[in-house]
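The values are calculated or read from the model by the stated rules, or taken from the named source; none is laboratory data. The structure displayed is predicted, hence computed values, not measured ones. Neighbour counts are summed over all protein chains in view; Cβ atoms, including those assigned to glycine, are modelled from backbone coordinates with ideal geometry. For the accessible areas, the whole protein counts, side chains as well, though only heavy atoms, and no ligand, DNA or RNA atoms are used. Shrake-Rupley method; radii C 1.70, N 1.55, O 1.52, S 1.80 Å.
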Amino acid sequence: MSKFVRAATTSQTLSLAAMEEASRMGQREPDVEHLLLALTLSEQTAGQVLRSHGVTLEATRQAIAEQRSLALQSIGIDLPAPDGGRITFHETNGYEWGKRAFDVITRASKGKNDGDAAAVLAELLSEPSGLIEELLQRLGTSPAALISQLADAEESNAAATPSTSPTPIAVPPDSKHGSTEVFVPAPIEKVWALLVNPQRMPEWEPLTGSIIAPGITGDAMVGASWLTIPPTEWPDGKTVRVRRGSERRRVELVSVAPESSISWRFTYPNLGRSNSYQLYIALSATTGGTRLGITLAWQRSRDWRRAVGFMLTPLQRFAIWMQLRQFAGGISRAFR
């Protein structure tokens, strides 16, 4: 992965998570504390280092609330630590980085910096306002301790054999596919319960508004199938435009290994020549939650589109990456 792609991908992922966290407090300008929250959710080394020091999403949320309460007390306003609400970012607009956080992200991709989450965390730990240091002290750690472990982890990663992509099983050889990883702040049994129950698919799968699943009331078994109906509105209230013939989508549960992996095949019964795709998710327990390896594989149809498909490869890769991030974000938000 090139430095540009790594920096762009990291920036987009951290920006989304930070703005989602800001929306919980009714804010439209994410600051450095929201960037710290986003990093606690990172699947990269930076997130692993933070969580190993107890800098988890919930603990950091609580530390920020307590810090704000103390700030109010300092000006004579005695209020309990505020509780954040639900994430409303996808229902609202007008979000823009605050200057301090924007400067951190910008510096993380300048010069020899890679722009990955480790570079962002390193810059955040040296941010001059003192807010991050105060929050870390409240969480029982320090910038120095994190910087030391981050350096060790980066050195270990550089010496290790590069890992393969997180593909749970072999994908069809003639498919267009992509993979990503995501950290979910919930124990593996809760994540599994979300994924294996068809009735809960609307909670995390963006194109599912409701399902038709006669005879399926709990966890599905291999070979079970059901229909999904798209939502009528996106979270921001805009109407969902559905392509003719795509009003119903068939989902088949292809494989299940309890609390280890699961895969589904998606097809459109009313679009006989349409491409089908398969979604694979591998789960593993990790410090503070669950690591998911998600792979999406589009099976190309055997018509003229296959002949010209090679010309669409960059666009297809981007579309697959966007879909993967939607799946990852949906699962993560279900537990936030």
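For the residues 286, 180, a 1.4 Å probe over the protein chains yields an accessible-area ranking, largest first, of 286, 180. Ligands, DNA and RNA aside, residue 233 has an accessible area near 110 Å² when probed at 1.4 Å.
Using a probe of 1.4 Å on the protein chains alone, the accessible area found for residue 229 is around 50 Å². Heavy-atom accessible area, probed at 1.4 angstrom with all protein chains present, ranks 228, 92, 239 as 239, 92, 228, highest first. Straight-distance candidates among the aspartates and glutamates for linking to residue 190, with alpha-carbon spacing under 12 Å and chain neighbours fewer than 8 residues away dropped: 259. Largest first, the residues 191, 171 sort by 1.4 Å accessible area into 171, 191. If you line up the long axis of helix 57-73 against the longest principal axis of the chain, both from Cα atoms, how many degrees apart are they, to the nearest 10? Taking Cα atoms only, the helix is inclined about 40 degrees.
Each stretch of four or more DSSP H residues adds -39500 (n - 2.57); spread over every residue of the chain, this sum gives -12500 deg cm²/dmol at 222 nm. Residues in the stretch 19-32 carry Karplus couplings, in order, of 5, 4, 5, 4, 5, 5, 9, x, 9, 10, 10, x, 10, 5 Hz; the curve used is 6.51 cos²θ - 1.76 cosθ + 1.60 with θ = phi - 60°, and Gly or Pro positions show x.
With the convex hull drawn over the C-alpha atoms of the chain, the volume per residue is 158 Å³. Working from label points 7 Å from Cα in the Cα-to-Cβ sense, the residue 129 to residue 242 distance is 4.4 nm.
Counting only protein heavy atoms and using a 1.4 Å probe, the accessible area of residue 15 comes to about 20 Å². Where does helix 313-333 land angle-wise versus the long Cα axis of the chain, in degrees 0 to 90, nearest 10? Once rounded, one gets 60 degrees. Per residue, the average separation of C-alpha pairs within less than 8 Å and at least 6 apart gives the chain a relative contact order of 17 percent. Accessible surface for the chain, divided over its residues, is 50 Å² per residue with a 1.4 Å probe.
With contacts taken as Cα pairs under 8 Å at a separation of at least 6 residues, the stretch 1-120 carries a relative contact order of 36 percent. Computed from Cα atoms, the angle from the helix 143-159 axis to the main principal axis of the chain rounds to 40 degrees.
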